[in-house]
Amino acid sequence: MTILPVDDKIKELLDEKLKMLESHFDADIISYNGPFVDGMEPTFVRIVEELVEKDKRERLCVILTTLGGSAIAVERCVNILRHHYREVNFIVPDHAYSAGTIFCMSGDNIYMDYYSVLGPIDPQVKNKEGKFVPALGYLDKVNELVEKAKMDELTKAEFIILKDMDLAELRAFEQAKELTIALLKNWLVNYKFKNWTIHSDTSKRAGQPVTTDEKNKRAEEIADLLSNNNKWKSHGRPINIEVLENELRLKINDYSKDPERRELIRSYHFLLTDYIEKNGFNSFIHTRCFI
């Protein structure tokens, strides 16, 4: 394929803006835009290893835009990043849904502004037709039909639907749900909460040390809320910074009122998004060493 001069110019601009962000955050940066699919890990690890070989910093920022995907792929990406970096932060200029939300919870810090959103942690699982489907939606429907059956309120059509459910497939959905919750709780305690050592002034235990049990309890509360389909109603429900901080009581670094930081992030993100859309890329990774 012939690369047009305009493509080279956009790549130069993207590299320039990425390096400005690296200087601003004093961190290496990897930008990921696209779904998380099983089998992406060899490419991901190669790009990360290439990055750390050249003037590696101690801190990494991940600029993330994704609709979600495989929790297993995310777990492997987290293992790769944590092997090389002691501190990993996430920047969400637009959206990071489902598996992307889980990925963010493995970070030491999450940077968002008022426009940014995360989403419920509804894992995407391949059904028997090979299509990715939200696991919680299926499980919720099955549970609804089971409850109706217990109350002898199941229609003939619903009985046929329930009878034809693949038990192995349903178990895979349950395991996906259990995995996402387990990963979220583990990463929150080990990474997001690692510097949460003293209770804040607004807490009933203000000034007192935070125990491991308290960290585990908070992580479990957040995991339960994010996996509660009855609360969010939709797999793609956007959860903004206000809800994350006030309802989930999750600390978010809000850059809404930092004009310099917001401009650096948005100008890079808008240029990258435009480049991806014009070229029809399904996924895109960018570092100072790779584009």
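The values are calculated or read from the model by the stated rules, or taken from the named source; none is laboratory data. What you see is a predicted model, and the numbers here were worked out from it, not measured in a lab. When we count neighbours, we look across all protein chains shown, and the Cβ atoms used for this are built from the backbone with ideal geometry, even at glycine.
Out of region 99-118, which residues are assigned to a loop (DSSP other than H, G, I, E, B) and in contact with a strand residue (DSSP E or B) (Cβ under 6 Å, 6 or more places away or on another chain)?
Gly107, Asp108
Which of the residues belonging to region 224-241 are modelled with pLDDT under 95, assigned to a loop (DSSP other than H, G, I, E, B) and within 17 Å of the chain's Cα centre (by Cα)?
Ser227, Asn228, Ser234, His235, Gly236, Arg237
If you check Val78, Val62, Val48, which single one turns out to be part of a strand (DSSP E or B) and modelled with pLDDT of 95 or more?
Checking each option against the conditions leaves just Val62.
For Tyr268, state whether it is among the aromatic types (Phe, Trp, Tyr), in contact with a strand residue (DSSP E or B) (Cβ under 7 Å, 6 or more places away or on another chain) and closer than 17 Å to Ser116 by Cα.
No, not satisfied.
Under 8 Å by Cβ, and 6 or more places apart or on different chains, what pairs join a residue from region 201-216 that is hydrophobic (A, V, I, L, M, F, W, C) with one that is in a loop (DSSP other than H, G, I, E, B)?
Ala206/His199; Ala206/Ser200; Val210/Phe193; Val210/Trp196; Val210/Thr197; Val210/His199
Quick one: which residue in Leu64, Leu51, Leu81, Leu14 is in contact (Cβ under 8 Å) with a residue 12 or more places away in the chain, touching a Phe, Trp or Tyr at 6+ places or on another chain (Cβ under 6 Å) and among the aliphatic types (A, V, I, L, M)?
Leu64
Sort out which residues of region 7-45 are on the phi > 0 side of the Ramachandran plot and either basic (Lys, Arg) or within 19 Å of the chain's Cα centre (by Cα) (or both), and write them in order of number.
Gly34, Gly39
Is there a residue being of a type outside the set (Phe, Trp, Tyr), in contact with a helix residue (DSSP H, G or I) (Cβ under 6 Å, 6 or more places away or on another chain) and within 19 Å of Leu21 (Cα to Cα) anywhere in region 73-88?
Yes: region 73-88 contains one or more residues that are of a type outside the set (Phe, Trp, Tyr), in contact with a helix residue (DSSP H, G or I) (Cβ under 6 Å, 6 or more places away or on another chain) and within 19 Å of Leu21 (Cα to Cα).
Of all residues in region 243-255 being outside any loop (DSSP other than H, G, I, E, B) and free of Cβ contacts under 8 Å to residues at least 40 places away in the same chain, which is nearest to His95 (Cα to Cα)?
Ranking the candidates gives Val243 first.
For region 11-68, which positions are among the β-branched types (Val, Ile, Thr) and within 11 Å of Thr287 (Cα to Cα)?
Once the filter is applied, which keeps residues that are among the β-branched types (Val, Ile, Thr) and within 11 Å of Thr287 (Cα to Cα), region 11-68 yields Ile29, Ile30, Ile47, Val48, Val52, Val62, Ile63.
Test each condition in (1) exposed (fewer than 15 other Cβ atoms within 10 Å of the Cβ); (2) at pLDDT below 90; (3) more than 29 Å from Gln124 (Cα to Cα); (4) not hydroxyl-bearing (Ser, Thr, Tyr) for Asp213 and report the one that comes out false.
So Asp213 meets the others, but not (2).
Which one is surrounded by the most Cβ atoms within 10 Å (Cβ to Cβ), of the residues in region 8-26 that are farther than 18 Å from Glu260 by Cα and basic (Lys, Arg)?
Looking at residues that are farther than 18 Å from Glu260 by Cα and basic (Lys, Arg), I get Lys11.
Looking at region 46-71, which of the residues that are under 19 Å from the mean Cα position of the chain (by Cα) and on the phi > 0 side of the Ramachandran plot is surrounded by the fewest Cβ atoms within 10 Å (Cβ to Cβ)?
If we take residues in region 46-71 being under 19 Å from the mean Cα position of the chain (by Cα) and on the phi > 0 side of the Ramachandran plot, then Gly69 is surrounded by the fewest Cβ atoms within 10 Å (Cβ to Cβ).
Assuming Asn190 fulfils every condition listed in (1) in a helix (DSSP H, G or I); (2) in contact with a strand residue (DSSP E or B) (Cβ under 9 Å, 6 or more places away or on another chain) apart from one, which condition is it?
Result: Asn190 fails condition (2) only.
Being basic (Lys, Arg) and either surrounded by 10 or more Cβ atoms within 10 Å (Cβ to Cβ) or in contact with a helix residue (DSSP H, G or I) (Cβ under 8 Å, 6 or more places away or on another chain) (or both) is the filter; apply it to region 122-168 and report the residue that is nearest to Lys233 (Cα to Cα).
Within region 122-168, the match that is nearest to Lys233 (Cα to Cα) is Lys141.
Among the residues of region 122-137, is any among the hydrophobic types (A, V, I, L, M, F, W, C) and part of a loop (DSSP other than H, G, I, E, B)?
No, every residue in region 122-137 fails to be among the hydrophobic types (A, V, I, L, M, F, W, C) and part of a loop (DSSP other than H, G, I, E, B).
With the checklist (1) surrounded by fewer than 24 Cβ atoms within 10 Å (Cβ to Cβ); (2) at pLDDT 95 or above; (3) more than 19 Å from Ala223 (Cα to Cα) in hand, flag the one item Asn109 doesn't pass.
Answer for Asn109: the failing condition is (3).
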